[in-house]
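Peer 1: To start, I am sharing the structure in question, which I have written as structure tokens.
The values are calculated or read from the model by the stated rules, or taken from the named source; none is laboratory data. The structure presented is a predicted model; accordingly, all values stated were derived computationally and were not measured. Here the Cβ positions follow ideal geometry from the backbone for every residue, glycine too, while neighbour counts run over all protein chains shown. With ligands, DNA and RNA removed, areas are computed over all heavy atoms of the protein, side chains included. Shrake-Rupley method; radii C 1.70, N 1.55, O 1.52, S 1.80 Å.
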Amino acid sequence: VNKALDLVAFRAEQYPSEFEANVRAAQMLTSAGRDDAAAVFVKRAQGLTSLETGRDRPSMSAWMSGLPVFLRGRAGDAAEAARILDALERTMNQKLGLERDALSTTIGFAHLAMGRRAEAERAFRAAASPSRQLNLAMLALTRDDEEEARRWLRQIPQFSALRPSLFARAGLEAEALR
């Protein structure tokens, strides 16, 4: 893991003007709890964020938008994290297509991380298919409700290649194998 973290940081250092390289470095370092090391890549990625990155890399742009929520939550400032998240959620109606799907996923998982299941479900429902079904299936599995997860996933069996482990976990093994 440490070697992978070093390599992703090295790549971002070699391509300082590449949005994707800097977001990936920020993501990996942040998820490893190395917020100080991630800070330079977060700042650089924020400077590279544009309408084009939102269109071309919607998941990465959404992750960048949601990062302050997770950082404030991890720092123990739940009230500020909730305030930032609620403000971010108010921007969702300004997004369309894949950008909206990515933002609803980020917002939904942020709510879920804060223990706000009803808000997570509302955010997940704002996405289009198949993101909506995939996220709602994962939400169902957080409640250990495999039957509900199967109901969601049966609506989109042709997308099993996107999340084969999710289909397998919900008991849809043939779809996962396919």
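Peer 1: Could you sort the peptides 124-132, 154-162, 78-86, 56-64 by per-residue average Cβ neighbour count (10 Å cutoff), highest mean leading?
Peer 2: 56-64, 124-132, 78-86, 154-162
Peer 1: If you work out Cα Rg over 2.2 N^0.38 Å from the coordinates, which of (1) 0.96; (2) 1.26; (3) 1.08 do you get?
Peer 2: (3)
Peer 1: Report the relative contact order of region 37-175, percent, no decimals, based on alpha-carbon pairs under 8 angstrom and at least 6 residues apart.
Peer 2: 15 percent
Peer 1: Of the candidates Arg11, Arg117, Arg100, which one comes out as most mobile in a Gaussian network treatment of the chain with C-alpha springs shorter than 10 Å?
Peer 2: Arg11
Peer 1: Give me the percent of accessible area attributable to carbon and sulfur for region 70-178, probe 1.4 angstrom.
Peer 2: 52 percent
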